[in-house]
Structures are given as structure tokens and as C-alpha cells.
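The values are calculated or read from the model by the stated rules, or taken from the named source; none is laboratory data. What you are looking at is a predicted structure, and each value in this text was computed from that prediction instead of being measured. Here Cβ is always computed from backbone atoms with ideal geometry, including for glycine, and neighbour counts include all displayed protein chains. Just the protein is used for accessible areas: all its heavy atoms, side chains included, with ligands, DNA and RNA removed. Shrake-Rupley method; radii C 1.70, N 1.55, O 1.52, S 1.80 Å.
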Amino acid sequence: MRRVPSRRLLGCTAFRRGVALGHSCDTRRLRRRLSGPVASLIALFLTSLILVGCQSDSASESGAITITYPAEGTLFPPDIAAPTVIWQQDDSPSGSWQITIEFESDSKPLTYQVTTGQWEPDAAIWEQIKYQTVDAPATLTVTDTRGLSDSVRIRTSVDPVGDAIFYREVPLPFIDAVQDPSRIRWRFGEISSVEQPPVVLTDLPVCGNCHSFSGNGDTLGLDVDYGNDKGGYALLSVTEDMVLDDEKIISWSDYRKDDGEATFGLLSQVSPDGRYVISTVKDRAVFVATPGIEFSQLFFPIKGILVIYDRETGEYAPLPGADDPAYVQSNPTWSPDGKHIVFARAPVYDNEAVNRSSSLLLDETDVPEFIQDKQPFKYDLYRVPFNGGKGGVAEPIEGASHNGRSNFFAKYSPDSKWIVFTQAENYMLLMPDSELFIVPAEGGEAKRLAANTARMNSWHSFSSNGHWLVFSSKVNTPYTQLFLTHIDDNGNSTPAVVLDKFTSADRAANIPEFVPLAGDAIASIEERFLDAYSFLRAGMANERTGNYPAAIASYDRGLELNPDDIELLNAKGFALFQNGDSQRAVGVLENAVRQDPNHWKSHNNLALAYVDLGDYAIAEAHFRESLAIEAQPAIYNDLGFVLERQGLAREAMESYREAVAIAPESATAHFNLASALARRKTNGEAEQHFLASIEAEPSGAGYIGLGIVQWEQGKRPQAMQSMEQALQLDPDNQQAFDQLGAMLLEVGRRKEGRAMLARARELNEQAGSSR
């Protein structure tokens, strides 16, 4: 029996497409990014613990002991809580060790017996150790029962930290925070605390990002998504109990609002006197969630200028010298006297994906040159005078610019003598190779800090007395921890001191900032600005990542505030449909169209739910209602689909033609029309629309359809060439192998044809076993 090559045609490809907030919600690309194994969080912690500065992976074969924390020469602040001493040893015959602390004074050594591989002195003993090590170091020794030992010397500084630390905790991988921003929380406390500092802000269902304080700590600025505005920014007077409400919110989007260019407002900073705030606006950034938990996002700005907001006048203005549209100018920082601003600068990155993006969130498919090809992108540090907002000429900082590296996150020392900045090979946030460098504020030779750990050093802040630097690192665990180092008058630093009591087991601690306040100065920050639209925004963020249950929960919270909100009803119905619950979706969306019979998105999504339930006649009616309100080519495609399912081939063809007429550049519209024409054996016209579909967007399905109609017209060489083109685009396309195999058999090339058909069967079996 002859095989007929044209026995298969792809059907309509428009189904499972819906509209929420006026645009499609296709999460397939993100789902591919998130697939794959994720290591157990518990296992990660059991294997990593708090091993600061691990010089070796394990003790030597002879069973020698290696103290992994603290490091040799560690200098502790006098106001820090007791640390945990940690060591490694391959074989201990008794599982017992002796801890000895010997002082250079005549004081008697302290000796303790322990049965675990770590030891934390009690509060009284730690106070004694600190008191005795201010003038001279103590030698801390760990010895096993065979006499094998290791020692380090530690000291205590005369310089206290003095300040409390405000910092953020984020769940990992980062996509979890995007899906549920309420899990992000902020803590505030002192290093003397024996417990983790208390949470002062949590359960914020919209994204909150970077924060900054004025010089004396009386003003807090916090990035927050507010309403329908990604440029929202909160400014609060610091009190023990703060309220985050509408009156505290400004918007960077208000700068030149009518020009139609979106603004996010990146890495804003409050001025030392609290009067001004500076931010990157009219911005774009590469911002992509990546698999795993260690480095689960890639972020760096590629476009933007610096704009000043004056809190006294309520006015926004660009800062001359940092407002050149040819450059991206970002992550600004103020000098302590407010007279200069240092910022990261690079030539603006301009491509089609950036230009067509309406937001900062660029997908990995938009910028494969960075995600896949690792194309370089480097920043230089520049300084510009503030001059009361008049700006001036921006000049590169010697030692932190034009050095073949990426330089960013500058921070002044309080005496304006030094700038500590982050340096990496490329990009900005969360770079595994990022390290901290110090350079004279006026420029000069940059020195690498001795405090750098082996993995990611960034997000740093000076204490108000200038003696201590807090920073973040991933040296011990994928969950970022906070560390301290002492900076002396010559810019030298000491080995890192881990703030192990600041880290939760399931959160990354980042963006630490010293604030010259007592640890109880901030007890709570209560949000009162959330409205129904805030929960709509939160739900949409979950939808974009495919987390439909979380999206539905957000929409429900919004509907508690406003049960008749048409956008929330539409969004909830769409999420239910996408989550496979079309029956409930129908009920919600029927309510939506009762509230607003002219809401085309609700009619469209209601039609999709009815298609899923197999009720094509009702689906047709709602598609037509939607089209009568807002003619959309995708909806004409879907209408054609349901018309064909009802046996109305002529009406379906008319619907597909309407889609092509409205969107002649649409690959999908041409493909669906071509498929319908092919099913009616109108092969010549079908060929033309398959060609138009391929010209708009080459695809394996388009070439398969083209090959089939070419074969039907007797264009055998062209048909086989089309199938080969399909396989070039998609080497594992089972249908292309099947069709090409049948064609080869038909022309007598039996050996090749059988090989193609065998490969088709193999792919079909693989697909069956994976289902």
C-alpha cells in the first residue's frame, strides 16, 4: 500500500492563548528555564555550614586539624556577639577536642573540652576573651586526643561598630521572590544580638527592592511597586513604628511622564541631608531569572540617566553630566558632604529587543548575547559635582575605570577619604567573581581588600565611624551571608568576620546598610498603601512565571477589597483556565461580563474556557462579542478554530482571512489560513500563505505545511527541500522525518526513506515514554 505523504496537517495553533491586562500570558519560555533538578536546601546547609575562608577542602590524609573559622589574624569588633569556631578533621579517634585560648599577658589560658567540630564560647567567656585581646592577640588552638592541632591568632579592635544594620532577606531561587514577593522581609538590629535581628517589614505583596538612609538615619527610602507603577519609591521619616501609606510614595515615572518611555527607578539613593533622592530613570536592564539557587538571576542596567528628586519642591530634574543618553548611568552614591556623586557608566546598549521592550524585564530570548554568548558589558566609575542639582563635567575615577573590568557599587568612607567599590569581569549584580577594592576618593591606585572571600563580595556599607565595612558574600552557602571587616587609616582591611546570627536557613541576606541608630530604633514598618490593583500586579507577576495557584490567591485578596473589580475578575478567570479549572473559570468570567458587558478581554477568556469544556457554540458567541468590541487578529484565529470544530469550514476561512487582513505581518495568522486552505485542497493559495508565515517567522511547522502542499502540487524536489529545512530548524521533529521518509519512498529512494521513517518511529516512542 502506498504511503500518502500529505496525510497529516497541523491544525490551528492559536488555542491556549488568553488575554489578561490586554496582552498574552505565555509562560512556556520561563518554564523551560525553570526545569531541571534543584538541590535539597537542607543538604546544602549540612555540607556548607559557616566555613569562612576555607583554605582547603578537607584536612590532610594524616588527620591534621584545620580551623576554618576564624581565619588567622581576624579582628573582631568589641560589640559583636560570640562567634562560632569551626574546624575540619578527617579522622578523630574519640570525637573529642580540646579548645585552648592563650593570651600574651600573664593570664591563665582558658581550656575547654568539646565533642563536636565547632565551639561557641558563652557570653561571659567571650567578654573575657575580647577584653584580653585588645592590646595583644590570643592564640586559639584546637587539639585532638592524639595531640594533632591547629592554631589561629585573633584580636579585638578598640573601634566599635556602633551602628545597627538594616538588611533584606530574599528566598532563593530568585524566581520564588518574583512569584511571591510577600516572602521578602527586612530586618534591623545590632551585631551584639545573640539572636537574629527582628523582622521589621514583611508580607508586602508587591516587590520591594533597594533601600537607603540619609546620613543621620532619620529618612528611609525604599523602592516599591505601587499600583500600576514600577517607578514607585517610598520616603519615610524614621520612627520606632512607621507607616508606609500613599502619602509616602513618589514616582520616578513622573519625570517626563508624557514622553511614553517607561521608568523603573533603579538603585535610588537618599542624599546625606535627606532633601534629595537620585535614581536611574528612563531605564532598561537585563533582568533574567536563571536556574539553581546560588546565582539565580542576572541583572545589570543597559540604559538610563540620573535624575534628582527635590523633596522640598517636589520637582524632578536630570543631573547634567550624568544624563547623556549615549550612556547608561546607574547605581549612584553621594559623597558624605553631598557635593559629589559617583556612579557607574557604560555605553548604552541599544538593540531591537531593548527598543521594543515596554519594561525592564527582558527575557533570555531577547538578549541571548548575554545569557548564552556571555558578551562583555563593563562599567567605569565616574564622579560628577552635584552643585545644587546643576551638575557639571563627569570625570572617570582613576583606579576604578578603564581597567578592562566592570566597576560598580561605589561607597564613600564617612571622612570622604576612600571609596570602596565592587569589581568583576563583567556585568553587575550577583557576579561569582566580584571582589571589593578600595581607592582614594580622588582616584589613584586601587587595592584589593584582604577581607574578600572566595565567592561573590558585594553590597557593602561603611559604619558611621568609618572603621567597619559590612558586605555580602556567598563563600559558605548559596544563601548570601553578611560579613564585617575593619578598615584602618591606610585603607587596609582585616579577614572577614561572619555575622552568622544574621542569616536565616532559607533566605539570602543582602543589601546591608549601617544606620547610626540603636538596634531598637525601628520596630515595625506597616504598609497601608495596598489597594486591589496592587494584588492584581502581584498576581500578574506569578502568572508570568507560571505559578497560577499563587496568582489566584493574589487575585482573591484583591477581590476581598473590591469584589466587582473587572480586571481582577478577568485575571482570576484566566488564571483558573490556565490552571486547568475551566469550570470555575466560566463562573468567574461570566460574573466579569455581567459587571461590564463591553470588556473584550473577559469575553475572549470566557470563550477560551468554553473551548476547553468543548462547548464551541457558546465559545463562538463570546469570541464574536469580543471582536465586536476590539478586533484582534489572535481572536479571529481562535474564532476560526471553533468554527472548524463546528463544521463551518467556509466561515472559519473567512475568520482566518480577517486575521491576515488585520495583521499581515503575523506568522500565526498566515499559518492558520494556510492550514485551512490546505485542508480544503486549495494548495496553491495555501503555499503562498505558508511562505508568508515562514518569511515572518521561520518554523518547522511552517516548512512541514509548505512541503505537504508543494507535494500535493507535484513539486517534489521543493517539497523534500522544505522538509529538510524543517529538520534544520528542528532536528528532532518527528513529523518532518515521517513526511520526508514517505516522500523518499515515493520517489524510489527506499534506503533513505526507511532510515527517515525509522527515526520518526524512534522519536515517537521516546515521546510516548516521556508522557
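Per residue, how large is the accessible surface of the range 702-756? Use a 1.4 angstrom probe and give square angstrom.
45 Å²
Label points 7 Å out from Cα along the Cβ direction at GLN113 and GLU560: separation in nm?
Modelled inter-label distance: 5.7 nm.
Once the whole set of protein chains is in place, how much accessible area is left on TRP459, using a 1.4 Å probe, in Å² to the nearest 10?
Roughly 40 Å² of TRP459 is accessible to a 1.4 Å probe.
Once each part is reduced to its C-alpha centroid, what is the distance from the range 651-713 to the range 584-618 in angstrom?
If we compute the Cα centre of each part, the gap is 29 Å.
Treating cross-link reach as a plain straight distance, find the lysines whose alpha-carbon is under 28 Å from the alpha-carbon of LYS417, omitting any fewer than eight places away in the same chain.
In chain and number order, the partners are LYS339, LYS378, LYS390, LYS447.
What does the accessible area of LYS681 come to, in Å² to the nearest 10, when a probe of 1.4 Å is used?
130 Å²
Once amide H atoms are placed 1.01 Å from N in the peptide plane, what residues at a sequence separation of 5 or more from VAL200, or on another chain, have their amide H within under 5 Å of its amide H?
Amide H neighbours of VAL200, under 5 Å, 5+ apart: TRP186, ARG187, PHE188.
Hey, for a label at ASN465 modelled as a point 7 Å past Cα toward Cβ, could you say which residues of the range 135-179 have their backbone N under 19 Å away?
The answer is 135-137, 155-166.
What's the FRET efficiency of GLN372 with ARG624 using the Cβ-Cβ distance as r and R₀ = 41 Å, to the nearest 0.05?
Plugging the Cβ-Cβ distance into 1/(1 + (r/R0)^6) gives 0.40.
What ranking do 693-702, 532-541 get when scored by the average of other Cβ atoms within 10 Å per residue, highest first?
532-541, 693-702
Taking R0 as 45 Å, what FRET efficiency do you get between ARG761 and GLN713 from their Cβ-Cβ distance, rounded to the nearest 0.05?
That pair, ARG761 with GLN713, gives E of 0.95.
Determine the dipole magnitude for the chain: charges of +1 sit on the beta-carbon of Lys and Arg, -1 on that of Asp and Glu, nothing else is charged, the reference point is the Cα centre, and the result goes in debye to the nearest 20.
The calculation lands at about 3420 debye.
For SER722, tell me the accessible area in Å² from a 1.4 Å probe, rounded to the nearest 10.
That residue has around 10 Å² of solvent-accessible surface.
Can you spot the aspartates and glutamates whose alpha carbon is less than 18 Å from LYS501's alpha carbon? Ignore those fewer than 8 places along the same chain.
ASP79, GLU120, ASP122, GLU127, ASP163, GLU169, GLU190, GLU195, GLU513, ASP520
Whole angstrom only: what separates the Cα centroid of the range 249-311 from the Cα centroid of the range 405-469?
21 Å
Label points 7 Å out from Cα along the Cβ direction at ASP488 and ASP122: separation in nm?
Output for this residue pair reads 3.6 nm.
R0 = 25 Å: FRET efficiency of ASN598 with ASP259, Cβ-based, nearest 0.05?
Numbers: r = 30 Å, r/R0 = 1.22.
According to the calculation, E is roughly 0.25.
By average Cβ neighbour count within 10 Å, what is the ranking of 128-138, 482-492 from highest down? Could the numbers behind the result be given before it?
Values: 128-138: 17.1, 482-492: 18.7.
So the order, starting with the most tightly packed, is 482-492, 128-138.
Under 5 Å between amide H atoms, partner at least 5 residues away or on a different chain: which partners does TYR69 have, H built in plane at 1.01 Å?
Those qualifying (amide H under 5 Å, at least 5 residues apart or on another chain) are ILE86.
Pull out the extension gain between ARG650 and TYR131, defined as 0.36 nm times the separation in residues minus the alpha carbon to alpha carbon distance; nm, one decimal.
Details: separation 519, 0.36 × 519 = 186.84 nm, distance 9.18 nm.
So the extension gain works out to 177.7 nm.
Whole number in Å², please: accessible area per residue of the range 193-314, 1.4 Å probe, ligands, DNA and RNA not counted.
Per-residue value: 35 Å².
Taking a 1.4 Å probe, which of ARG716, ARG528 shows the most accessible area, and what order do the others take after it?
Result, largest first: ARG528, ARG716.
Largest first, what is the accessible-area ranking of ARG187, ARG405, ARG544, ARG749 with a 1.4 Å probe?
Listed by decreasing accessible area, they come as ARG544, ARG749, ARG405, ARG187.
Identify which of the listed values of volume of the Cα convex hull per residue in Å³ was calculated from the structure shown: [x] 153; [y] 318; [z] 196.
Correct label, based on the coordinates given: [z].
Would you mind telling me the share, in percent, of accessible area of the chain contributed by carbon and sulfur at probe 1.4 angstrom?
48 percent
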